[in-house]
Each structure stands twice: as structure tokens, then as C-alpha cells.
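Enquirer: A single structure is presented below for examination.
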Amino acid sequence: MYRVLITGEIHSSGLDRLMEESDIETQYSPNLSYVEVLKTIAPFHCILSRSETPITRELIEIASELKVIARAGVGVGNIDTGYATHRGILVINTPGKNTNSTAELTLGLMLSAIRKIVPAHQEMHSSRWDRHRFNGMELLNKTLGLVGLGNVGNRVARYARGFEMNVQAFDPYIGDEIFERHAVLKVDWQTLISSSDIISVHVPLNEETRGMVSREEFEMMKQGVVLLNT
């Protein structure tokens, strides 16, 4: 019998699939705190989490029976993947499942930021309205800089072209043919940071990307640039 601990909310269809397996005992505890997970994890062979549960070295050391760490999402920034690998524990995620929703969220945040929708809404609730404070700008002919041209990045590029934006990207791991296929201009890091009107980050959090947008980058950016991180 294999034991699975689920510490994040998942769709009922996925939970039902696990419950149907006769050789799997599933404990669904989406509201467990980290401390409670530490007290619970020892006998489990698999932990399935979202971003709420950090899978730390401390947790992995306590989980003596752990064989699989499953992330119900794309990024694995909440998992100590290096130590998990050292212990021979398989780390899996679900790449591509949230591509469209994340790309749509990016466009929504972009429009909200440049058209100042949130402060305008708040102003109305205060019974004030100064329309000149909320003129904003259009996306037409603006330059969108994508940090990362993976699944989400290229979907955002496709949507942005519908607004007739100029799209450029920095991604050293993507071949030129992908840039050409998605009609995206390939640029270096400094060019993207200094010439984009809107910068949208679509890379996983790891040791290479942590802190990649620092004070140095902010000093290079255009005045009034919009920075998105979805």
C-alpha cells in the first residue's frame, strides 16, 4: 500500500482518480500548516502540493519513506530539488497545464496597469473622479519585452500581436527558429531591459533566475515602465 499526502487544493476529478486506486491510501489535507506537515509526513511515500507547502530539506529528511514529490503546477521553486535528487526522490510537476490561464492573466494585468483601472475604481468608491489622472496609454505600437519564451511567453506574444504591439524577448535556451515562428525579435538582456515599455517575466524561479531583476536593471529601465511577474 502506497500512502499519498495532499497538502494543496486540487480538482475533485484528480482526487477521485487517486481514491479509486486500491493500492493507494490518500490523505487530503489542503489546509495543513508547514509545522503540521512536518508532524504528518513521516509514513507517506508521496506528497502532492501546490505552492503553499515548502518542500524543504528539513521536510525531506523527516519523510523517510518519501519516493515522489508532486507539484500541482508548473514551477518547483518551493521544492529543494537538489536535496530531493540527492536522496533519490522523484520530483514531478504539470508543465503546460496553466499556459493559457497565465497568459490571459498577464494581458489582464497589463491592461489594468496601463489604463489605471484599479486606482480609477478606488477613486470612484471615494466619490471622486478626476478623469485626467487616469488617461493611461494604449498598447498599440508599444514594445513588450518577454523574459522567457517558453509555453507562457510565446502565448503572451501571440496575444500581444493582436494589440499590434512590438514583441521582443530574451531567452538563451530557445532557438532562433522559435523566435521566428512566433514573430518575436530576439534581443540581449540589456536591450530588453532598456528598450521595453512593458516587461513581463515568464521564467521559473531557480538559482539562475533568483534576483535577475535587480537595482541595476531598474536603473536601466525606461521611465514609467510596467513590470509584470505572473
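None of the figures in this text is laboratory data; all of them are computed from the coordinates on show. All of these numbers come straight from a predicted model, not from anything done at the bench. When we count neighbours, we look across all protein chains shown, and the Cβ atoms used for this are built from the backbone with ideal geometry, even at glycine.
Enquirer: For region 119-205, which trypsin sites (Lys or Arg not before Pro) pass both filters: DSSP loop (anything but H, G, I, E, B) and at most 10 other C-beta atoms within 10 Å?
Expert: Of the trypsin sites (Lys or Arg not before Pro), the ones in loops of region 119-205 whose Cβ has at most 10 other Cβ atoms within 10 Å are Arg128.
Enquirer: Under the definition of Cα pairs under 8 Å and six or more residues apart, what whole-number percent is the relative contact order of the chain?
Expert: 14
Enquirer: Among Lys116/Lys222; Lys39/Lys67; Lys39/Lys97, which pairs are too far apart, with a Cα-Cα distance over 25 Å?
Expert: Check vs 25 Å cut-off fails for Lys39/Lys97.
Enquirer: Here's something else I'd like to know. Once amide H atoms are placed 1.01 Å from N in the peptide plane, what residues at a sequence separation of 5 or more from Lys67, or on another chain, have their amide H within under 5 Å of its amide H?
Expert: Correct list: Cys46.
Enquirer: While we're on this one: Would you grab the residues whose amide H sits under 5 Å from the one on Leu185? Only those 5+ places off in sequence or on another chain, please, with H modelled 1.01 Å from N.
Expert: Answer set, sorted by chain and number: Val167, Gln168, Ala169.
Enquirer: With charges only on Cβ, +1 for K and R and -1 for D and E, what is the dipole size of region 99-229 about its Cα centre, in debye, rounded to 20?
Expert: The dipole of region 99-229 has a size of about 600 debye.
Enquirer: Report, in debye and to the nearest 20, how large the dipole of the chain comes out about its Cα centre when Lys and Arg carry +1 and Asp and Glu carry -1 on their Cβ.
Expert: In total the dipole reaches around 620 debye.
Enquirer: Mind checking Rg over Rh on the chain, alpha carbons, Kirkwood formula for Rh?
Expert: 1.06
Enquirer: Local charge sum around Leu18 (other residues, Cβ-Cβ under 12 Å, Lys/Arg +1, Asp/Glu -1)?
Expert: Computed value for this residue: -3.
Enquirer: If I require 20 Å or longer along the helix axis, counting alpha carbons, and a Kyte-Doolittle average no lower than 0.0, what helices from the chain are left? Use full DSSP H segments.
Expert: Sorted by number, the helices that extend far enough and score high enough are 99-114.
Enquirer: Nearest 500 deg cm²/dmol is fine: what mean residue ellipticity at 222 nm does the chain get from its DSSP H runs of n ≥ 4 alone, each adding -39,500 (n - 2.57), divided by its residue count?
Expert: Taking each H run of at least 4 residues, the total per residue is -10000 deg cm²/dmol.
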